[in-house]
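**Q** Below are the structure tokens for one structure; questions will follow.
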Amino acid sequence: MPGATGEPVVREAPAKSCDPVFQHGVVVGFDGSLSSERALAYAVGMARRSQCGLVIVHVANRLPATVWAGCEPPVFVDLPDHRTEVLGLELACADFLAGVPWILVERGGDICHEIEEVGREFAADAIVVGTTHGLLGKIFGSVSGRLARRANRPVIVIP
């Protein structure tokens, strides 16, 4: 059974009928950064203790194709993002995921919105994210801060 023994299952679209092991599980945002690795480690322990599934979310980047022209909003282009495949292969080889049922969900768009949407689809008991360090997080607001303010479920921010 895919996902039950640590094998990756990549889903690009919302699941119509979700495997019950992932309902009321733990959702974690993961992009391969150090802070997301710490968040993943915490989420794995949380899923293991709760005996539930782990939903790992990778949100692919979307880049503006045009600059604001007058009152027209920018158009966003989805670029092929092979990073999810690479992350999936890395996760499939990770020993610390053994014994925890997990899936990798790929999305494109606003990180906060997509992680919360996956949390809603899977009726997650919690969302785990890492902190954002750097100038962009200070200027635009960190993903973890925005998610904590807008999410309809507990958000655990791992430093």
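The values are calculated or read from the model by the stated rules, or taken from the named source; none is laboratory data. Note that the coordinates shown come from a computational prediction; the quantities given were computed from them, not determined experimentally. Neighbour counts are summed over all protein chains in view; Cβ atoms, including those assigned to glycine, are modelled from backbone coordinates with ideal geometry.
**Q** Name the residues in the stretch 121-143 that are closer than 21 Å to Ala60 by Cβ, assigned to a helix (DSSP H, G or I) and either at pLDDT below 85 or of a type in the set (Lys, Arg) (or both), would you?
**A** Within the stretch 121-143, Leu136, Gly137, Phe140, Val143 qualify.
**Q** Read through the list (1) surrounded by 13 or more Cβ atoms within 10 Å (Cβ to Cβ); (2) modelled with pLDDT under 55, then give the number of the only condition that Thr84 fails.
**A** Unmet for Thr84, out of (1) surrounded by 13 or more Cβ atoms within 10 Å (Cβ to Cβ); (2) modelled with pLDDT under 55: (2).
**Q** Please tell me if Val118 is buried (at least 20 other Cβ atoms within 10 Å of the Cβ), at pLDDT 90 or above and of a type in the set (A, V, I, L, M).
**A** So Val118 passes the test.
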